[in-house]
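Reading through the structure tokens given below for one structure.
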Amino acid sequence: MDVTIFDNAGEAGRALARRVAEALRRTPDLVIGLPAGRTPVEAYTELCRLYSEGEVDFSRATAFLLDEFVGLDGSRAGSFRRFVTEHLLSGINLDPQRTHSLNGLASDPEVECERYEETIAGCGGLGLLMLGIGVNGHVGFNEPGATLQARTHKVALLESTRSENAGPFGGVAARVPKEALSIGMGTILRAETIVLVATGERKARAVRAMLRGPLTTRLPASLLQLHRRVEVYLDRQAAAAL
């Protein structure tokens, strides 16, 4: 993994935005994987600024959101589709017809997951995948466990993950859905390039384990060591345990 350490979260986020803009200039029809959560907000804000100033163009790109809560409509507060729309999609020119997300209200989640997996494959896979990392080492919603799913799947969320995502639910973890749909580790590892951003001291232990620990399903992010092209952007707090 290629690790870069920045002074603060803002610098890391802006560097990620510049990395995405550079990739789009080189490959205008890039297929991008987009995460939700607090970590990419700085990058999304910067990408909207770059677009408004004519420095990046998403018109030929395709995007896939990484995950979604089961039981939430994409327009509802707390849904990842709404989050990414508010922080990024509403401020750039990404074609809605090429902006894909998992349907948390699907009557058959297994069918929905298979549809999503086939759609990603039909677009040639993910070209540039943006990732965060959970305090428990998850990426996407691939939670630590004895085994990991390779393909897009439904997952039972750990209580620590529900607590981490409680903000849009009034800060009450019990209101966070217990299940989510997520792309799998195999799908992640098939991406051409992965750029992972981690900020804040609460991520420091997970970052150290990801970079220096053994490969283990108990820390899904550690499997990124198997990928040939991973860039890791850290602020100094997230890098503190290295």
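Pairwise Cα distances in the chain exceed 33 Å for 9 percent of all pairs. Extension gain for the segment A77 to R38, taken as residue separation times 0.36 nm less the Cα-Cα distance, is 12.6 nm to one decimal. Here the spin labels are modelled as points 7 Å beyond Cα on the Cα-Cβ line, and at E53 and V135 they lie 3.5 nm apart. With R₀ fixed at 22 Å, the C-beta to C-beta distance from T4 to L226 puts the FRET efficiency at about 0.60.
Annotation: amide H of L131 within the under-5 Å range of V195, L196, V197, sequence separation 5 or more or interchain, hydrogens built in the peptide plane.
Shown in residue order for the stretch 230-237 are the 3J(HN,Hα) couplings computed by the Karplus curve 6.51 cos²θ - 1.76 cosθ + 1.60 at θ = phi - 60°: 10, 10, 10, 10, 10, 8, 5, 5 Hz (x for Gly and Pro). Taking amide H as placed 1.01 Å from N in the peptide plane, Q237 has its amide H under 5 Å from the amide H of G200, each at least 5 places away in sequence or on another chain.
Based on DSSP, what percent of beta bridges with both residues in the chain are antiparallel, to the nearest 5?
Here the antiparallel bridges make up roughly 25 percent for the chain.
With a Förster radius of 25 Å applied to the beta-carbon distance between R151 and E86, the computed FRET efficiency rounds to 0.30.
Bear in mind these aren't lab numbers, they're just calculated from the coordinates by the rules spelled out. Not measured: the values here are computed from a predicted model. Cβ: placed from backbone, ideal geometry, glycine included. Neighbour counts: every protein chain shown.
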